[in-house]
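*Asks:* Once you've had a glance at the structure underneath, I'll fire off some questions.
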Amino acid sequence: MDIKRIHHVAYRCNDAKETVEFYQRVLGMDFQLAIAENEVPSTKAPDPYMHVFLDAGMGNVLAFFELPNSPQMGVDPNTPNWVQHIAFEVETFEHLMRAKAKIEAEGVEVLGPTNHGIFQSIYFRDPNGHRLELAVNTQTPEEMTELRRVAPEMLDEWHQTRQAPRHAAWLHKKEFNPETV
C-alpha cells in the first residue's frame, strides 16, 4: 500500500460557522470548502450535515461535521480528557509564546508551556471542547536516533508489563548523553 499522506482528519462540531471562525481567527487557518448534504453518501441515510474543511498547513486538512439531527456531542467517559487531542507544529519557541499570548487574548485558557523533552507545547480547547496542542520541536538528531532505536524495545516491554519502560527516562533530564544510555 502506498499511502501518500493523510487526506483529512474529521471531528464533530456543535456549530460549523463558529468552528470555522475560531480556527481562522485564533490559528490563522484558511477555510477551504464546505460540503452539505441531506443524505449520507456512503449509507444513504437521511441525515443532513455540514462538512467543513480547513487548511492546517503543508497539505494537512482538518475537517468538522455539524450534525443537527444527532444527539448532542459528548466525550468518551472512559478516556481521560487530556488523551484525545489535535497537535499542530509551530516553527520556534518564540512562535509558540506569541501564539499563547494571542490565544489568551481571545479569552481562551492556555496550559503550558510543557516540556516533553524533545518538544515543548501549550494546550487549550476549541469552542467544541476539543483539546488542541501547539508544539515546537526541540530535539536533536541524536535524541531522535536514540528514541527510534529503543522504540521497539519499549513497546515490547510495555506490552508485557503495562508499566512505563525506562529506556527514554533521559527525556525529562536537562541533557542527553548517548554514551549513558
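The values are calculated or read from the model by the stated rules, or taken from the named source; none is laboratory data. Computed from a prediction, not measured in an experiment: that's the story for all the values here. For neighbour counting, all protein chains shown are included, and Cβ atoms are generated from backbone atoms with ideal geometry for every residue, glycine included.
*Asks:* Looking at Pro41, is it closer than 24 Å to Ala135 by Cβ and either exposed (fewer than 11 other Cβ atoms within 10 Å of the Cβ) or at pLDDT below 95 (or both)? Lay out the reasoning, then the answer.
*Replies:* Numbers: closer than 24 Å to Ala135 by Cβ: no; either exposed (fewer than 11 other Cβ atoms within 10 Å of the Cβ) or at pLDDT below 95 (or both): yes.
So Pro41 fails the test.
*Asks:* Give me a count of the residues in segment 1-15 that are hydrophobic (A, V, I, L, M, F, W, C), in a loop (DSSP other than H, G, I, E, B) and in contact (Cβ under 8 Å) with a residue 24 or more places away in the chain. Walk me through how you get there before you give the answer.
*Replies:* Going through segment 1-15, the residues hydrophobic (A, V, I, L, M, F, W, C) turn out to be 1, 3, 6, 9-10, 13.
Next, only the ones that are in a loop (DSSP other than H, G, I, E, B) stay: 1, 3, 6.
Cutting the leftovers down to in contact (Cβ under 8 Å) with a residue 24 or more places away in the chain gives us 6.
So the count comes out to 1.
*Asks:* Does Gly74 satisfy the criteria of being surrounded by fewer than 12 Cβ atoms within 10 Å (Cβ to Cβ) and of a type in the set (Gly, Ala, Ser)? Quick ask: steps written out before the conclusion?
*Replies:* Values: surrounded by fewer than 12 Cβ atoms within 10 Å (Cβ to Cβ): yes; of a type in the set (Gly, Ala, Ser): yes.
Here the answer is yes, as Gly74 does meet what is asked.
*Asks:* Additional query: Take residues that are buried (at least 16 other Cβ atoms within 10 Å of the Cβ) and tell me which of the strands (runs of 3 or more DSSP E) falling wholly in segment 90-144 contain 3 or more.
*Replies:* Numbers: elements: 111-115, 119-125, 131-137.
So the answer is 119-125, 131-137.
*Asks:* Quick one: Asp47 ticks every box in (1) among the acidic types (Asp, Glu); (2) over 25 Å from Gly28 (Cα atoms); (3) loosely packed, with under 14 Cβ neighbours inside 10 Å; (4) touching a strand residue (DSSP E or B) at 6+ places or on another chain (Cβ under 9 Å) except a single one, so which number is it?
*Replies:* Among (1) among the acidic types (Asp, Glu); (2) over 25 Å from Gly28 (Cα atoms); (3) loosely packed, with under 14 Cβ neighbours inside 10 Å; (4) touching a strand residue (DSSP E or B) at 6+ places or on another chain (Cβ under 9 Å), Asp47 violates only (3).
Table: residues versus (1) closer than 20 Å to Glu18 by Cα; (2) modelled with pLDDT under 95.
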position	(1), (2)
Ala56	yes, no
Phe65	yes, no
Asn81	no, yes
Ile86	yes, no
Ala101	no, no
Val110	yes, no
Pro127	yes, no
Glu133	yes, no
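*Asks:* I'd like the full set of residues that are among the acidic types (Asp, Glu) and either in contact with an Asp or Glu (Cβ under 9 Å, 6 or more places away or on another chain) or touching a residue at least 40 places away in the same chain (Cβ under 8 Å) (or both), limited to segment 104-132.
*Replies:* Narrowing segment 104-132 to residues among the acidic types (Asp, Glu): 104, 106, 109, 126.
Within segment 104-132, Glu106, Asp126 qualify.
*Asks:* Scan Glu143, Glu157 and give me the residue that is free of Cβ contacts under 8 Å to residues at least 12 places away in the same chain, out of contact with any Ser or Thr (no Cβ under 9 Å at 6 or more places or on another chain), of a type in the set (D, E, K, R) and more than 24 Å from Val9 (Cβ to Cβ).
*Replies:* Details: Glu143 fails: free of Cβ contacts under 8 Å to residues at least 12 places away in the same chain.
Answer to the selection: Glu157.
*Asks:* So Gly59 passes all but one of these: (1) over 16 Å from Glu133 (Cα atoms); (2) in contact (Cβ under 8 Å) with a residue 40 or more places away in the chain; (3) surrounded by 14 or more Cβ atoms within 10 Å (Cβ to Cβ); (4) of a type outside the set (S, T, N, Q). Which condition number does it fail?
*Replies:* If we test Gly59 against (1) over 16 Å from Glu133 (Cα atoms); (2) in contact (Cβ under 8 Å) with a residue 40 or more places away in the chain; (3) surrounded by 14 or more Cβ atoms within 10 Å (Cβ to Cβ); (4) of a type outside the set (S, T, N, Q), just (3) comes out false.
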